[in-house]
Each structure stands twice: as structure tokens, then as C-alpha cells.
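Okay, structure first, notes after.
None of the figures in this text is laboratory data; all of them are computed from the coordinates on show. The structure presented is a predicted model; accordingly, all values stated were derived computationally and were not measured. Cβ: placed from backbone, ideal geometry, glycine included. Neighbour counts: every protein chain shown.
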Amino acid sequence: MSLLTIEDLTVKFSSGGTTVTAVDGATLSVDGDEVVGLVGESGCGKSTLARTVVGLHSAANGQVVFDGQVVSSLRGSALRAYRRQVQYVFQDPLSSLSPRLSVGKAVAEALDIHRIGRPSSRPARVLELLELVGLSAAHADRMPSALSGGQRQRVAIARALAVEPRMLICDEPVSALDVSIRAQIINLFLDLQREFGLGLLFIGHDLGLVRRISDRVAVMYLGRVVERGTAHAVFDQPQHPYTRALLAATPSADPVVERRRDHVLLAGELPSPSNIPAGCRFHTRCPVALPTCATVEPVERPVDQEASDAVSCHLGDPAVPQELAVS
Ligand SMILES: Nc1ncnc2c1ncn2[C@@H]1O[C@H](COP(=O)(O)OP(=O)(O)O)[C@@H](O)[C@H]1O
Ligand SMILES: [Mg+2]
């Protein structure tokens, strides 16, 4: 069983008479010792999914299961333990660090909140954590405003690690950083993931980066995971027309990804999540849609024998007539 399983998760936001279905039946899992990349256009619900996992939004339907327990049923100490075990790293470290706490105090606060270690041992532990993320005692008294973006993200990572989590959820953790230091922060994530055997759910929009660091990848479209599988399968043999279009539309610094990029462009705008198309939600933009696609919502089906590779698409489904394909 996976450490984290997101099953048929739906999250809605209502305001002024309209309802936005930001996540709409998403299914995804992350094992205890793997990196799973989550990709999809801006607005497709990645952050909402991640924030729901850590309890910042509640689910309208479906569930999050962590270590065999349904998260929404957790109370008291079990809920506190869960909140400790799954840590969220935001895109913008400034928004997750208090402007009034020095680096050392920010890290110590995480230990205090979760009552980790004896108060007398905390200064040494804070130093250890700072060193773990490539900072030093010299940074402990600095305020976040006196740090670079990369240093701030290191502090946010030290805070997350302070509570000895089993899983990190990183929401575009390098997008707000200078291009020149992104690789350092990514390498830090990967080193820590391996050193501590963490599960890592990595939300990213740089497909080359996601390909490089992920064991498995999930592709999200309008609130739903439409394809998931090993990074190799998803990037090298994408099954879903959306995955192909996304790969084609996104220039990549990764020469392998860039070479495979064809020139099918992703037509049109992302439909509004307050008005998700009937049938296959991608059919309005799909270059290879079948007549069925406008009316029947595809269910996820396995690709080949490998159980972890799955796609939600009628195309190539032996159960769906294919001959009416329009090109
Ligand atoms: N707190 C919120 N209230 C209302 N709508 C929201 C809220 N958060 C996200 N949304 C909407 O939900 C959809 C998905 O957003 P988000 O999860 O941020 O996507 P992504 O992270 O993939 O860019 C968007 O249409 C966004 O406007
Ligand atoms: Mg987001």
C-alpha cells in the first residue's frame, strides 16, 4: 500500500452563486520513498489538491489516506501526528516565513510547536538543521528580509524537516527563485529525499525538471489526473492526447524532452473549472477526439501490464469503437 493515496478527490469553491470544481475526482498515490511529479497547466487544480492533502481545504468528495488511515477521520493526537508527518513547502518562502522571526527562531518554532526534543537541546538541533540545508550558524540571527530567495527556501525546508516528516509536498518550490539557483535547491530536495527516505510530491511546471527528478508522474487536466505512470512512460510514451499536447507546447531545457517535442499546439484556452465540459473534459481541445468523447466520460484504465500506468482516454481503448476518429 502507498504511504499517501488520494482517492477520487473533489474540492469545490463556491462564491457569489458560482461553484468552481478545482479538483474533480483526482486519484494519485505516493510511496514512502519515491518522487512523484504532478504537472498540468496553471489553474488545473494542482495547488488545491496539495493544500487539501495538508488540510487547508476540505474535500467535497473522495478521500486522502495516509499510512492506511483516512485523514478526514483523524482527531486529536493522530491528527497532530499526521500534520507533522506531511509537510508542505510553498512556492514563495516569504509567505511561509514570519517576517518577525529570525532564521534560528523560525526553525526553533517548528520544534516548539510539535514539542520535539527537550528545550535545552533545541539550539544544537537548530544548528544541525541549518547545516543540513546548507546554511550555518552565521545565518541564525538574520531576518528573512535579509536573505536571498534561495536562502529563504532553505530555511523553509529546514523548518519542514525539523519535525521529521515522512512526506514533503512541494508546490512549485523553485518557480519563484532565480534560475541560477534553482538547481541547487532541487538537488537539496533530492539529497534530503534520499537521505531520509521521504516521499516527495513535487508540483512543477518545468517538464524537463519533473522528468529528471520524478520516479512517477501524474498529469492533471481540469481537476482530474488524466494520465499517470513512471516518468519514463509518461514522457517517452505519453498515452493521453493532453499529455502529448502539454509536452509539445512546453519548451524544455532538457535536451531529451526538447528533441521529442513535436509541434502539435495546445489549442484554445483551458475551459473554466466552473463549467467543465461533458464527456471527456479534454474533448473541446483534443486533436483526435472520437464522437464518444463529447458525451461519455472516460474511466481510468491501465496501460499495458504495469499497474501503475493508467490513462483516462477513449482513444486506444479496446472497449470503445475507434473507427469514427476525426483527424
Ligand atoms: N481559495 C479559492 N477560492 C476560489 N477559487 C479558487 C481558490 N483556490 C483556487 N481556486 C480556483 O481553483 C482552480 C484551480 O486552482 P489551483 O489549484 O491554484 O491550480 P494550479 O495550482 O494548478 O495552478 C482555479 O480556477 C482557481 O482560480
Ligand atoms: Mg498552483
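Key figures
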{"quantity": "Cysteines, the chain, no other Cys beta-carbon under 4.7 Å", "calculated": "44, 170, 286, 313"}
{"quantity": "Excluding exposed DSSP-loop GluC sites (Glu not before Pro) (at most 14 other C-beta within 10 Å), longest clean stretch of the chain", "calculated": "1-268"}
{"quantity": "Taking 243, 295, 10 and counting other C-beta atoms within 10 Å, the order from fewest to most", "calculated": "295, 10, 243"}
{"quantity": "Pairwise centroid distance, computed over Cα atoms, of the range 1-35 with the range 91-167, Å", "calculated": "29 Å"}
{"quantity": "Folded to 0 to 90 degrees: helix 122-132 orientation relative to the chain principal axis, Cα", "calculated": "50 degrees"}
{"quantity": "Counted charge near residue 167, where neighbours are those whose Cβ lies closer than 12 Å (Asp, Glu -1; Lys, Arg +1)", "calculated": "-2"}
{"quantity": "Gyration tensor verdict on the range 1-101 (Cα atoms; rounded if a/c is under 1.5, prolate if a/b is larger than b/c, oblate otherwise)", "calculated": "rounded"}
{"quantity": "For the range 162-307, convex hull volume per residue from C-alpha positions, Å³", "calculated": "151 Å³"}
{"quantity": "Residue exposure sequence - 142, 51 - by fewest surrounding Cβ within 10 Å", "calculated": "142, 51"}
{"quantity": "Relative packing of 315-322, 271-278, which averages over residues the other C-beta atoms within 10 Å, highest first", "calculated": "271-278, 315-322"}
{"quantity": "Packing-based ranking, highest mean first, of 62-75, 281-294 given that Cβ atoms within 10 Å are counted", "calculated": "281-294, 62-75"}
{"quantity": "Distance histogram for the range 68-154 (every C-alpha pair counted, 5 angstrom bins, percent rounded to whole numbers)", "calculated": "3, 13, 21, 21, 18, 11, 8, 4, 1"}
